[in-house]
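Take a look at this one; I'll ask things after.
The values are calculated or read from the model by the stated rules, or taken from the named source; none is laboratory data. Every value quoted in this text rests on a predicted model; they were computed, and no experiment measured them. A quick note on method: Cβ atoms are made from the backbone with ideal geometry, for glycine too, and the neighbour counts reach across all protein chains shown.
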Amino acid sequence: MLDAFTEFAQTYYYPLIVLMALFGLCFFKHKKIFLAALFLSALTVQAVKPLYNEPRPCAGAPFCPESEGFPSAHAAAAGVFVIASIGSPAFVFAAPFSVLLAYSRVCAGVHSVEQVFAGYALGLMVYGLLWAFLHKHATHGLVVKHKLLE
């Protein structure tokens with residue numbers, strides 16, 4: 001079962017992210033913050049990976065992705081997914097799913113536990129910082145006009 005999910009997450013990462021986004025749009029309270037954090041975490045991961053230049057545990061294997069391993073983009077998306085689900089009935093699905101998605105990267109051999117924890121933490125941090133920033137500026141015209149906190 002875990003092997004099948006691991007293979008699915010490896011092969012269909014981008015469609016999986018789209019499904020996660022659609023799920024979030026249906027069930028999460030702060031939909032716009034969720035989507036923005038998902039996008040920002042993906043950008044942040046791509047900006048940070050070359051800075052650390054940490055190889056993946058599978059480096060050199062034919063199945064191994066060519067990008068750096070630190071931090072895990074899958075785990076960052078999983079972190080955003082779980083924190084965005086807090087306060088919604090979807091949390092009971094999102095919490096175990098996000099942990100499973102992050103852990104699948106270790107099972108696939110493409111990330112170390114540390115790389116997964118870093119990605120997960122990055123996703124949590126991006127969402128948390130964005131949420132805090134928008135709440136601090138809740139009365140700003142841009143936040144109100146675009147209903148970013150609804």
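Would you check which residues across segment 83-100 are part of a loop (DSSP other than H, G, I, E, B) and free of Cβ contacts under 8 Å to residues at least 60 places away in the same chain and list them?
ILE86, GLY87 - these are the residues of segment 83-100 that are part of a loop (DSSP other than H, G, I, E, B) and free of Cβ contacts under 8 Å to residues at least 60 places away in the same chain.
Based on this model, can you work out whether TYR52 counts as more than 22 Å from VAL18 (Cα to Cα), at pLDDT 85 or above and among the aromatic types (Phe, Trp, Tyr)?
So TYR52 passes the test.
Then there's this: What are the residue pairs meeting all of these: first residue in segment 11-39, first residue part of a helix (DSSP H, G or I), second residue among the hydroxyl-bearing types (Ser, Thr, Tyr), Cβ atoms under 8 Å, and 6 or more apart or on different chains?
That search, which allows pairs on different chains as well, returns GLY24/SER85; PHE27/SER85; PHE27/SER88; ILE33/TYR127; PHE34/TYR127; ALA37/TYR127.
Please enumerate the residues belonging to segment 64-77 that are in a loop (DSSP other than H, G, I, E, B) and touching a residue at least 24 places away in the same chain (Cβ under 8 Å).
Passing the criteria: CYS64, PRO65, GLY69, PHE70, PRO71, SER72.
Would a scan of segment 52-62 turn up a residue that is of a type in the set (Ser, Thr, Tyr) and crowded, with 16+ Cβ neighbours inside 10 Å?
No, the conditions are met nowhere in segment 52-62.
If you don't mind, there's one more thing I want to ask. Which of (1) more than 16 Å from VAL110 (Cβ to Cβ); (2) in a helix (DSSP H, G or I); (3) among the basic types (Lys, Arg) is the odd one out, the single condition LYS49 does not satisfy?
For LYS49, the exception is condition (1).
Condition test on ALA61, is it closer than 21 Å to LEU19 by Cβ and of a type in the set (Gly, Ala, Ser)?
So ALA61 does not fit the description; no.
Given the conditions (1) closer than 18 Å to LEU122 by Cβ; (2) within 14 Å of the chain's Cα centre (by Cα); (3) surrounded by 16 or more Cβ atoms within 10 Å (Cβ to Cβ); (4) modelled with pLDDT of 90 or more, report the number of the one that GLN46 does not fulfil.
So the condition that GLN46 fails would be (3).
Checking VAL80 against (1) free of Cβ contacts under 8 Å to residues at least 60 places away in the same chain; (2) among the β-branched types (Val, Ile, Thr); (3) farther than 12 Å from LEU122 by Cα, which single condition isn't satisfied?
(3)
Taking the stated definitions as given, is PHE34 modelled with pLDDT of 90 or more, surrounded by fewer than 16 Cβ atoms within 10 Å (Cβ to Cβ) and either within 25 Å of LEU19 (Cβ to Cβ) or among the small types (Gly, Ala, Ser) (or both)? Steps first, please.
Details: modelled with pLDDT of 90 or more: yes; surrounded by fewer than 16 Cβ atoms within 10 Å (Cβ to Cβ): no; either within 25 Å of LEU19 (Cβ to Cβ) or among the small types (Gly, Ala, Ser) (or both): yes.
In short, no.
Let me confirm something: among TYR103, TYR120, which residue is among the hydroxyl-bearing types (Ser, Thr, Tyr), part of a helix (DSSP H, G or I) and buried (at least 23 other Cβ atoms within 10 Å of the Cβ)?
On the way: TYR103 fails: buried (at least 23 other Cβ atoms within 10 Å of the Cβ).
Of TYR103, TYR120, the one residue that is among the hydroxyl-bearing types (Ser, Thr, Tyr), part of a helix (DSSP H, G or I) and buried (at least 23 other Cβ atoms within 10 Å of the Cβ) is TYR120.
Quickly run through segment 1-21 and pick out the residues that are more than 14 Å from the chain's Cα centre (by Cα) and either of a type outside the set (S, T, N, Q) or at pLDDT 85 or above (or both).
Of everything in segment 1-21, those that are more than 14 Å from the chain's Cα centre (by Cα) and either of a type outside the set (S, T, N, Q) or at pLDDT 85 or above (or both) turn out to be MET1, LEU2, ASP3, ALA4, PHE5, GLU7, PHE8, TYR12.
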